[in-house]
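Everything below concerns the one structure shown next.
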2 protein chains.
Amino acid sequence: MLAAHPDETVRGTRAPGQASNSLDQRMAYATVRRLRAKEHVFCEGDEREHVFRVEEGVIAVYKTLPDGRRQIIDFAYPGDLIGLGVIGEHVLSAQATVPSKVRCLAAAALERIAETDAGLALKLYKAVCQELAATRNLLVTVGQRSAIERVAAFLISLHRRTAAEGAATINLAMRRSDIADLLGLTIETVSRTLTKLRGMGVIDLEQGATRVQLCDLPRLAELANE
Amino acid sequence: MLAAHPDETVRGTRAPGQASNSLDQRMAYATVRRLRAKEHVFCEGDEREHVFRVEEGVIAVYKTLPDGRRQIIDFAYPGDLIGLGVIGEHVLSAQATVPSKVRCLAAAALERIAETDAGLALKLYKAVCQELAATRNLLVTVGQRSAIERVAAFLISLHRRTAAEGAATINLAMRRSDIADLLGLTIETVSRTLTKLRGMGVIDLEQGATRVQLCDLPRLAELANE
DNA sequence: CGGCGTTTTGAGATATCTCAATGGGAGTGG
DNA sequence: CCACTCCCATTGAGATATCTCAAAACGCCG
């Protein structure tokens, strides 16, 4: 499995020049790549040529075992960077769960700039630290929580990361299998747990199983054990 | 629960002056703190004043849920740094599993130096990236592997990180409960799995359940699914 | 030698998985 | 516009890995 050939990339729009820092400046000149659902951004073993920023959609970052089992490490939403903190080749794969857009940055160039631009270097460092914190939280969830706690925790984190202020509805923008592979469960357990939560009146499922209304956020947080 | 009061720290020995870089230089002048088994280096919520380097023993870095369940994020062995990649207060706790020694570095001072010393900054960055990679691997183990695969993977990683070249014996230097909380299992399952591995002739247990001989490393790797 | 903390072992309970069938929605072609 | 298909989600029933509770054995230290 290989990432799609780069010739499907398209030229990015030039920004009007008022970018506020060098990361945004670089981003403004970067190419944008459109991805269909399930298309890969990059795969484990690929040479690491770019760092990406998600513009639209959701990118699942994951690792696989030799026998095909898959663990999703993180979902990247618009604004998130992926492909950081790597030296040689990718040790992870990244795949769009729905039609998405990512902005591509030459990794080597970025790092060259970071060497002289302390602000950019700090920004990259912070991004990696944040990723580390998120991964640790997921590890706690997967290692210690029950199915219902995991799903509740997932819904809450999705809400925090993607919902507009005050909005109580979230868009899953992924299949049950993606959620299952994030949480270390099966799709059946995810499905059953979601229906159980609906039965409890904590959430409501709409529109082809992809939109979720969080009816009782405090209760959901309680069910997640924070 | 709070970390032990700092007045139990002792002065570090001065290095003879041939430290090869600024991290080692700082380390040479840092104080050393001795820890008894189960003593804390720091706790979640403590102000982050130091970064530590393990000199002797093993430090378990962990997070807890409100109801007390504990997930160990990593074991830090001699040479490893802990307390990096944090902004304000600690979001993790760190506790010695056996009598240990850590070298204490003022975090603020370290970061001030890193601002001008690109080599040190890079070293810290690399350390965080490495931590991220290790945490991701553990996440895959906990999320996807069976009990026997988890234990096998743990033994292999312990061997890689601590065993001398060619040595086939490892020192657990921790209780079953620590292994269980790392792998997301119970102590009983860890114990049973270890006896099963012994029954299969892959390992041997000696000396009060703390030393493990890896009789058949290739087989163990196979059992771990890499 | 006695006591304490830890590990091992056993037996039964259970959460989650596996396998299988059903149902719904979106896209396609007649 | 209606079948047809494909993919995905849901639901059910039975299997099982792991957990829970309990007891016994071990090893260490005073």
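Things worth noting here:
- Residue of B:63, B:126, B:101 that the Gaussian network model of chain B assigns the largest fluctuation, springs spanning Cα pairs under 10 Å: B:126
- Exam field: residue B:43 pseudo-label spacings to other copies (7 Å along Cα-Cβ), nanometres: 5.0
- FRET E, pair residue B:161, residue B:36, Förster distance 22 Å, beta-carbon r, rounded to 0.05: 0.45
- Cβ-Cβ FRET estimate between residue B:69 and residue B:206, R0 fixed at 30 Å, reported to 0.05: 0.45
- Across chain A, the relative contact order, built from alpha-carbon pairs under 8 Å that are at least six residues apart, equals 18 percent.
- Gyration tensor (alpha-carbon) shape descriptor, the range A:76-142, a/c threshold 1.5: oblate
- Against chain B, whose longest principal axis is taken from its Cα atoms, helix B:118-144 shows a tilt of about 20°.
- Rounded, prolate or oblate (a/c below 1.5 giving rounded, otherwise prolate when a/b exceeds b/c) for chain B by Cα gyration tensor: prolate
- Paramagnetic label reach from residue B:215 (point 7 Å along Cα→Cβ; backbone nitrogen cut-off under 16 Å): within the range B:146-183, residues B:168-170.
- 10 Å Cβ neighbours from other chains, averaged over peptide A:139-150: 6
- Set of lysines near residue A:126 by C-alpha distance (under 24 Å), chain-local residues within fewer than 8 positions excluded: A:63, A:101, B:63, B:123, B:126
- Label point 7 Å beyond Cα along the C-beta direction, distances from residue B:99 to other copies (nm, shortest first): 6.7
- Global geometry of the protein assembly as shown, whether rounded, prolate or oblate, following the gyration tensor of its Cα atoms and the 1.5 cut on a/c: oblate
- Helix-only arithmetic for chain B: the sum of -39500 (n - 2.57) across DSSP H runs with n ≥ 4, divided by the residue total, places the mean residue ellipticity at 222 nm at -12500 deg cm²/dmol.
- Starting from the label point of residue A:206 at 7 Å along Cα→Cβ, the same points in the other copies fall at 6.6 nm, in ascending order.
Every number in this text was worked out from the coordinates using simple rules, so none of it is lab data. On a predicted model such as this, the values are computed, not experimentally measured, just so you know. Every residue, glycine among them, receives a Cβ derived from its backbone with ideal geometry; neighbour counts consider all protein chains shown.
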